[in-house]
Amino acid sequence: MGPSARRDPRRSPFPRRCHRRQSVSPRRDRAIHEGDPQDRLGIMGWADALAALGIAYDSEEALALADRVATFLEDESLAASSALAERRGPFPAWKGSRWESAGHRPLRNATTTTIAPTGTISIIAGCASGIEPLYALAYRRNVLDGAELVEVNPAFQRIAAERGFASDELFSQIAEHGGVRGRAGVPEDIQRGSRRLTRST
C-alpha cells in the first residue's frame, strides 16, 4: 500500500486484493456470471471491530490490520477454490484465463474476492454494512406507517452503558443533531475518539 493511501483516511483501508476483478466487456461479463462460478465474500462491521479493539479508523494500525485480514481472505478463498477444483474441475473459462497464464493451480471460481453486498444481513447482525466508517453513532430509521426508530450503534451503546452516560434522551439528541462533540455528559475521550469512527460527528 502506497504512502498516499496511508495518509488519506477517506480511502478504503483494505488493499486492492479484496476488490480485484477482471475488466471485461458487458458480453464477456455476462458470460462469466452465467458460466463461471464466483466466490462472493461479504465484509461488514470493520469500523465496529476497530472500535471494539480501540483502534482509530484512520490510523496506521488499522491499515496494518486491514492488510492482514485481506491477505487471510484472499489466501484462504484461493485455497478453498483450489480444493473444490480438484473434486469438480476448474471453472469453464480456465483455459487462457489470467490465473492459468500466471501458473496458478486450477481454481473452481473465476474470482474469489468479489465483494458481496451485506446491507440486509448487517442490519440483522447489528453492525456497519461494509468497511467504511460508521454512518453515525445514532440515527433515525423510517419504518412502516411513518413511524421512526432511533438506531444506536451497538458498540457506542455498550460503551455508553459501561461508562454510565447512556440514556434514551442522549441517543435521541445524537440522532437529531449528529455526533457527540461538545455534548454535555459525554466524556471528553469519547468526544475525541468519535470523529475517527464516523463519517461526520
List pairs: first in region 140-161 and without any contact (Cβ under 8 Å) to a residue 24 or more places away in the chain and of a type in the set (S, T, N, Q), second surrounded by 14 or more Cβ atoms within 10 Å (Cβ to Cβ) and assigned to a loop (DSSP other than H, G, I, E, B), Cβ under 9 Å, 6+ apart or cross-chain? Gln157/Leu137; Gln157/Ala166
Tell me yes or no: at least one residue of region 134-142 is in a strand (DSSP E or B) and of a type in the set (S, T, N, Q). yes
If you take the residues of region 160-189 that are in contact with a helix residue (DSSP H, G or I) (Cβ under 9 Å, 6 or more places away or on another chain), surrounded by fewer than 18 Cβ atoms within 10 Å (Cβ to Cβ) and of a type outside the set (S, T, N, Q), which of them is nearest to Leu134 (Cα to Cα)? Arg181
Which one is surrounded by the fewest Cβ atoms within 10 Å (Cβ to Cβ), of the residues in region 96-116 that are of a type outside the set (A, V, I, L, M, F, W, C) and touching a Ser or Thr at 6+ places or on another chain (Cβ under 8 Å)? Arg105
Just the residues that are among the basic types (Lys, Arg) and under 30 Å from Gly45 (Cα atoms), please, taken from region 75-119. Arg108
Only listed residue being within 26 Å of Ala70 (Cα to Cα), surrounded by 14 or more Cβ atoms within 10 Å (Cβ to Cβ) and more than 28 Å from the chain's Cα centre (by Cα), chosen from Ala125, Ala93: Ala93
All-but-one check, Leu65 against (1) assigned by TED's automatic domain parsing to the domain that holds Gly42; (2) among the aliphatic types (A, V, I, L, M); (3) in contact (Cβ under 8 Å) with a residue 24 or more places away in the chain, failing number (3)
Any residue at all in region 10-33 that is farther than 30 Å from Ala160 by Cβ and at pLDDT 90 or above? no
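The values are calculated or read from the model by the stated rules, or taken from the named source; none is laboratory data. Remember, it's a predicted structure, so these values are computed and weren't measured experimentally. Backbone-built Cβ (ideal geometry, glycine too); neighbour counts: all protein chains shown.
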